[in-house]
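The values are calculated or read from the model by the stated rules, or taken from the named source; none is laboratory data. What you see is a predicted model; the values in this text were computed from it and never measured. Cβ placement follows ideal geometry from the backbone for every residue including glycine, while neighbour counts extend to all protein chains displayed.
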Amino acid sequence: MNRFIGNNQNNYKPDMNLTVDEQLFPTKVRCKFTHYIVYISKPDKFGIKFVLASDANSKYIIKNFSYLGKEESRSLSIPFGEFVVLQIVEALTRCWRHVTTEDNFFTSASLATKLLAKRITLFGTIRGNRRELPKLAKSAKDKMERFSTVLYKSNNFTLTIYKSKPSKNVTILTSNQKIVEIDNGRK
């Protein structure tokens, strides 16, 4: 697998837009890095977990991170999701890129700050109960009406909270939007 990814990196120049997501390779082998993941919609529950970075336009795999147990090189002060994304995009820091994380496990404000220092912008859903979110954002989500949007803007980040269902809010963190507009028109 490492040889395949190495050939991909040597022979393919990725576009500006990248996605980072996890993939479960199904297996019933008993080893210390086999995962059990509870997803009702997924057909396989056991397997080896990979985190993949791929080109958003061509779907070509650029780099992977296979989770094989406790990572010795990771400091305990760095969250695991943040560590994985930083490892994956380590070789892609030479020019401006846009990374979209497909899972709220990876997205955080501290990760977005570290990626901006490496000239990489971040876009992804973030858990609404994260400590780093402002208290206003946590309290506003309870008072929101259905189909309403709340925006929070700081120097480098935009936090968008959208209420699509009575008990469901989608919170999106982005570091690549300079201007945010809300279109109140119909689809």
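Structure notes:
- Any hit, the stretch 109-117, residues being assigned to a loop (DSSP other than H, G, I, E, B) and surrounded by fewer than 18 Cβ atoms within 10 Å (Cβ to Cβ): no
- Checking each residue in the stretch 164-173 for being of a type in the set (Val, Ile, Thr) and either surrounded by fewer than 10 Cβ atoms within 10 Å (Cβ to Cβ) or touching a helix residue (DSSP H, G or I) at 6+ places or on another chain (Cβ under 8 Å) (or both) picks out only 171.
- The residues of the stretch 32-56 that are at pLDDT 80 or above, of a type outside the set (S, T, N, Q) and either more than 20 Å from the chain's Cα centre (by Cα) or part of a strand (DSSP E or B) (or both), listed by number, are 46, 47, 48, 49, 50, 51, 52, 53, 55.
- Every residue from the stretch 1-56 that is of a type in the set (Gly, Ala, Ser) and surrounded by 10 or more Cβ atoms within 10 Å (Cβ to Cβ): 6, 47, 53, 54, 56
- Looking across 147, 157, one residue alone is on the phi > 0 side of the Ramachandran plot and either among the hydrophobic types (A, V, I, L, M, F, W, C) or buried (at least 16 other Cβ atoms within 10 Å of the Cβ) (or both). It is 147.
- Qualifying residue in the stretch 123-141 (condition: hydroxyl-bearing (Ser, Thr, Tyr) and surrounded by 14 or more Cβ atoms within 10 Å (Cβ to Cβ)): yes
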